[in-house]
Structure formats: structure tokens, C-alpha cells
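Beneath this line is the structure, given in C-alpha cells, with notes to follow.
The values are calculated or read from the model by the stated rules, or taken from the named source; none is laboratory data. Every value quoted in this text rests on a predicted model; they were computed, and no experiment measured them. Note: ideal-geometry Cβ built from the backbone for every residue, glycine included; neighbour counts use all protein chains shown. Heads up: the accessible areas ignore ligands, DNA and RNA and are worked out on the full protein's heavy atoms, side chains in. Shrake-Rupley method; radii C 1.70, N 1.55, O 1.52, S 1.80 Å.
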Amino acid sequence: FVNDMKVSINSSSDYMAAFRIISFDGRELLRRMINLQKGDNIVVLNNLGNLPKGSYILEVTTEGNKYIKKVIKN
């Protein structure tokens with residue numbers, strides 16, 4: 001990603017999910033609560049241009065589940 005990151009997520013019901021971007025030293029750089037609707041969702045995390053280039057952890061916490069993915073800022 002450069003400025004924006006698109007995340008595709010399928011939800012079994014309507015609920016709030018926490019989206020976090022974390023540095024590899026454990027600092028939380030972004031936290032957004034997003035309302036997901038049942039079915040397929042496209043979430044756009046924008047205004048990320050101020051983050052330095054490098055690798056980060058994207059963590060998505062839903063009701064009872066946590067998804068972690070390594071992402072790279074160019």
C-alpha cells in the first residue's frame with residue numbers, strides 16, 4: 001500500500017470490528033472501529049501516507065476471531 005489499504009472481509013453477521021496497524025516493535029499506529037455488515041465487505045483504511053515505508057502488521061478483530069496479516073508500505 002502507499003496511502004490507502006483495501007481489506008476484503010466476509011462477515012457472518014452485522015457487528016463492529018477493530019482494525020489495527022501495528023509496527024513490528026509492538027506500537028499501535030492506527031486503530032479504527034468499522035461497522036461490518038453481513039456478507040462481503042470492502043474496508044478502505046485511508047490517510048496512511050504519513051507512515052514510513054516498511055513492514056507492518058494488520059490486525060482485524062471480529063466477534064470471537066482475530067486475523068493477522070503482514071503488510072508492506074511502499
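Summary of computed values
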{"quantity": "Residue satisfying all of: in the range 63-74; open to solvent by less than 100 Å² (accessible area, probe 1.4 Å) and without any contact (Cβ under 8 Å) to a residue 40 or more places away in the chain; nearest to Phe1 (Cα to Cα) among these", "calculated": "Asn65"}
{"quantity": "Residues that are surrounded by 12 or more Cβ atoms within 10 Å (Cβ to Cβ), over 13 Å from Met16 (Cβ atoms) and in contact with a Ser or Thr (Cβ under 8 Å, 6 or more places away or on another chain), drawn from the range 26-56", "calculated": "Leu29, Tyr56"}
{"quantity": "Complete set of residues in the range 1-53 that are touching a Lys or Arg at 6+ places or on another chain (Cβ under 6 Å), in contact (Cβ under 8 Å) with a residue 24 or more places away in the chain and not hydrophobic (A, V, I, L, M, F, W, C)", "calculated": "Ser11, Ser13, Asp14, Arg20"}
{"quantity": "Listing of strands (runs of 3 or more DSSP E) fully contained in the range 1-52 that carry 2 or more residues being aromatic (Phe, Trp, Tyr)", "calculated": "15-22"}
{"quantity": "Matching residues in the range 5-25 - criterion: being of a type in the set (A, V, I, L, M, F, W, C) and open to solvent by less than 50 Å² (accessible area, probe 1.4 Å)", "calculated": "Met5, Val7, Ile9, Ala17, Ala18, Phe19, Ile21, Ile22"}
{"quantity": "Yes/no for Val60 being open to solvent by less than 30 Å² (accessible area, probe 1.4 Å), modelled with pLDDT of 95 or more and not in a loop (DSSP other than H, G, I, E, B)", "calculated": "yes"}
